[in-house]
1. Which residue is least open to solvent (accessible area, probe 1.4 Å), if the candidates are limited to region 383-412 and must be hydrophobic (A, V, I, L, M, F, W, C) and not in a helix (DSSP H, G or I)?
2. Before we move on, is N342 in contact with a Phe, Trp or Tyr (Cβ under 6 Å, 6 or more places away or on another chain) and surrounded by fewer than 16 Cβ atoms within 10 Å (Cβ to Cβ)?
3. Considering only residues that are of a type outside the set (A, V, I, L, M, F, W, C), closer than 17 Å to L336 by Cβ and within 22 Å of the chain's Cα centre (by Cα), which ones fall in region 279-295?
4. Please note which strands (runs of 3 or more DSSP E) are completely contained in region 107-174 and include at least 2 residues that are open to solvent by 10 Å² or more (accessible area, probe 1.4 Å) and within 30 Å of V16 (Cα to Cα).
5. Just one of F380, F352 is open to solvent by 10 Å² or more (accessible area, probe 1.4 Å) and farther than 25 Å from V17 by Cα; which is it?
6. Residues that are without any contact (Cβ under 8 Å) to a residue 60 or more places away in the chain and surrounded by fewer than 20 Cβ atoms within 10 Å (Cβ to Cβ): list the strands (runs of 3 or more DSSP E) wholly contained in region 256-300 that include at least 1 such residues.
7. Can you name every residue in region 372-382 that is free of Cβ contacts under 8 Å to residues at least 12 places away in the same chain and in a helix (DSSP H, G or I)?
8. Somewhere in region 74-94, is a residue free of Cβ contacts under 8 Å to residues at least 40 places away in the same chain and open to solvent by less than 60 Å² (accessible area, probe 1.4 Å)?
Amino acid sequence: MMNKIDIPDRGKKKRVVIVGGGFGGLKLARKLKNDQFQVVLLDKNNYHLFQPLLYQVATAGIEPSAISFPFRKIFKKRKYFHIRICEARRVIPEQKLLETSIGAIDYDYLVIATGCYTNYFGNNKMAEKTMSLKTTAEALYNRNQVLESFEKAQNTTDPKEREKLMTFIIVGGGATGIELSGALAEMRKFILPQDYPDLDMKKMRIVLIDAGSRLLSAFSEKSSEEVRDYLQKKGVEVKVNSKVVDYENDLLTLGDGTVLPSANIYWVAGVKANSLEGLPADAYGPGNRLKVDTFNKVSGNDHIFAIGDTALMISEDYPRGHPQVVQPAIQQARLLVRNLNNIEKGLPLKPFVYHNKGSMATVGRNNAIVELKNIRFGGFLAWAVWLFIHLMSIVGVKNKLFIFTDWMWSYFTYDPSLRLIIKPVKKEKEDENE
């Protein structure tokens, strides 16, 4: 048995261990009160990340620090609250024990809010050779990749090599795919011609590929058509009903035999839940999500809960589970706070009912799509709503100010100033013979 994590004694309080500080985990941690529970938050990073704006980091629009907020600053005044930076590995339900990279921790209640990661559908080659967009490190890597590609394109004398370096392919026509495509199209129009006047930006290709019959499958068909028309007017090549079958030697092969040369492939075609190991096989559902009841209890466990992207709650309205977006995670976290308190008071639990507040996605300057329950609109108004909702959702007043300033500067000057290639340092060992 591994050593226990050093956590102060909980006294008579029940210990709630929350794995993951994303939208659901953070909301739960902030709402649980000190008088009832000792809360332990575990995460691989020491900060909360606002993932919906990662694509802007990847396209040099904003700094990563503006969409990140340290956990210790959020909870610095909380008693009976403890943070440990580690990786959760395996749960042992019969012992109420969680094994992590720094030791084991016992719990009274365990909440799994581990979110999801890029789904490559078993294609290891794509996992190794394409760019994903789920973490800060990936976004910075992508930013370097974009900028370095143009530096290399400017230096090469080989037309075919330049073509590969100036072709950007996005696999996945969901919200991230269309937002990334729109951002790259704006870079091509407003920014790159100024930075690289020696390159012919008319030869820069942006290709958006989706295996489905239309973009934004979670939205209405009318919104999908509008988004496709807008992107095509911006010079984005849209290919639907197209499945990627191979990527080798900078050549992407589609199911119909089409071969696209490119050194820059983004893979945003789906997600897979980061569920913990150790639970019975029948607790895991499609996409590695954990099956939960209407109280977010993991199947067969009264003391283990799952919320957000990693939770699979089947209902009549959502036969394949709730969408893996922000709102279900936040709403489940709020209800779980109430239900944990009810458990301690011996009161009945309240079942979860998802209130769909709508969907939105931006496709570029002055253009977005917003779909509410009975309302659908696009254009500048939708774009303004998208900006406001995202700005208000960011943690920290300072971060909100930074994002707003960056957005306004970019909007009026067409010139974001974050086009830096920052590479990690590789320290060389000293020569022992010297």
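The values are calculated or read from the model by the stated rules, or taken from the named source; none is laboratory data. Being a predicted model, the structure only gives us computed values, none of them experimental. Don't worry about glycine lacking a Cβ; one is built from the backbone with ideal geometry, like all the others, and counts go over all protein chains shown. SASA here: full protein model, heavy atoms, side chains in, ligands and nucleic acids out. Shrake-Rupley method; radii C 1.70, N 1.55, O 1.52, S 1.80 Å.
1. Restricting attention to region 383-412, the residues satisfying the condition of being hydrophobic (A, V, I, L, M, F, W, C) are 383-389, 391-392, 394-395, 397, 401-404, 407-409, 412.
Remaining after also requiring not in a helix (DSSP H, G or I): 394-395.
On the way: I394: 5, V395: 24 Å².
Taking the candidates together, the pick is I394.
2. no
3. Across region 279-295, the qualifying residues are R289, K291.
4. On the way: elements: 109-112, 116-118, 167-171.
Where strands (runs of 3 or more DSSP E) fall fully within region 107-174 and carry at least 2 residues being open to solvent by 10 Å² or more (accessible area, probe 1.4 Å) and within 30 Å of V16 (Cα to Cα), they are 116-118.
5. Result of the check over F380, F352: F380.
6. 259-261
7. L381
8. Within region 74-94, none of the residues are free of Cβ contacts under 8 Å to residues at least 40 places away in the same chain and open to solvent by less than 60 Å² (accessible area, probe 1.4 Å).
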